[in-house]
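The values are calculated or read from the model by the stated rules, or taken from the named source; none is laboratory data. Just so you know, these numbers come straight off a predicted model, no measurement behind them. Positions of Cβ are generated from backbone atoms using ideal geometry, with glycine treated the same way; all protein chains shown enter the neighbour counts.
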């Protein structure tokens, strides 16, 4: 930003809202290889550990009168199970563990990213892109395994006039291969935008004249980000269910 360069030279307000998304090695140095433990690695591991603590450790006693952790685990279980059953039908319930894992990982990654000084792993397209690609490959392979060549009927709109079918088939094919892009960019872009806005208002809080307004804005945006963190996990999961439905029942 031009104002940042001017601020650095004049000693004014300087802020870099995108610095919070930089991938850094955990043990010093600047070089990042595929095997280098980074802040992304750390917070993905913390996310997985948090999911395990809630779903496995938190509900291990299975008390008739559940505690808070067991209640949250049961609520999440029922919420995702109902989603899979409603969208994919009874035949799709067998894939519930996969969908549940995706939902919990994304939800916890989004929520943990709201902790001050943490790192939002789902703000990186490398993470969300891999999750979306896993869904794409799984759905495609599953579609051919369950339906064989009949899965290609997904791209051939039989209800349309015969003359339009080839054109619509090309459009359907393109939209199918664009799925991983839209699936991943939506999540990463939303999480990155929310955190960047908070960082901008946090920088303005250093100005005494407008600091009260900045703090109010940060509080409001933080509350909105809490809602967005859940909504984006829900949207990613519900789209996964819609894609699974195409593989399980391509004719519907």
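Within region 150-171, take every residue that is assigned to a helix (DSSP H, G or I) and farther than 16 Å from residue 249 by Cβ and give me the one that is modelled with the lowest pLDDT.
165
Could you tell me whether any residue of region 120-136 is under 30 Å from residue 196 (Cα atoms), assigned to a loop (DSSP other than H, G, I, E, B) and modelled with pLDDT of 90 or more?
Within region 120-136, one or more residues are under 30 Å from residue 196 (Cα atoms), assigned to a loop (DSSP other than H, G, I, E, B) and modelled with pLDDT of 90 or more.
When region 51-95 is examined, which residues are found to be surrounded by fewer than 18 Cβ atoms within 10 Å (Cβ to Cβ), closer than 30 Å to residue 26 by Cα and touching a helix residue (DSSP H, G or I) at 6+ places or on another chain (Cβ under 7 Å)?
54
Which residues, counting only those in region 26-41, are more than 22 Å from the chain's Cα centre (by Cα) and either surrounded by 12 or more Cβ atoms within 10 Å (Cβ to Cβ) or within 17 Å of residue 109 (Cβ to Cβ) (or both)?
26, 32, 36, listed by residue number.
Within region 1-15, restricting attention to residues that are part of a loop (DSSP other than H, G, I, E, B) and surrounded by 13 or more Cβ atoms within 10 Å (Cβ to Cβ), which residue is modelled with the lowest pLDDT?
13
Is there any pair linking a residue in region 159-183 that is over 29 Å from residue 129 (Cα atoms) to one that is not in a loop (DSSP other than H, G, I, E, B), with Cβ under 6 Å and at least six apart or on different chains, and which?
Pairs that qualify, where the first residue is over 29 Å from residue 129 (Cα atoms) and the partner is not in a loop (DSSP other than H, G, I, E, B), are 160/168.
Go through region 194-218 residue by residue and tally those that are surrounded by fewer than 14 Cβ atoms within 10 Å (Cβ to Cβ) and closer than 18 Å to residue 231 by Cβ.
Result for region 194-218: 0.
Condition check: in contact with a helix residue (DSSP H, G or I) (Cβ under 9 Å, 6 or more places away or on another chain) and either surrounded by 13 or more Cβ atoms within 10 Å (Cβ to Cβ) or at pLDDT below 90 (or both). Does residue 117 satisfy that?
No; evaluated as a whole, the condition is false for this residue.
Can you tell me which of (1) buried (at least 17 other Cβ atoms within 10 Å of the Cβ); (2) within 25 Å of residue 19 (Cα to Cα) is the one residue 186 doesn't meet?
(1)
Restricting to region 102-119, name every residue that is on the phi < 0 side of the Ramachandran plot and either free of Cβ contacts under 8 Å to residues at least 40 places away in the same chain or in a loop (DSSP other than H, G, I, E, B) (or both).
113, 114, 115, 116, 118, 119
Kindly establish whether residue 75 is in a helix (DSSP H, G or I), more than 24 Å from residue 133 (Cα to Cα) and touching a residue at least 24 places away in the same chain (Cβ under 8 Å).
Against the criterion (in a helix (DSSP H, G or I), more than 24 Å from residue 133 (Cα to Cα) and touching a residue at least 24 places away in the same chain (Cβ under 8 Å)), residue 75 does not qualify.
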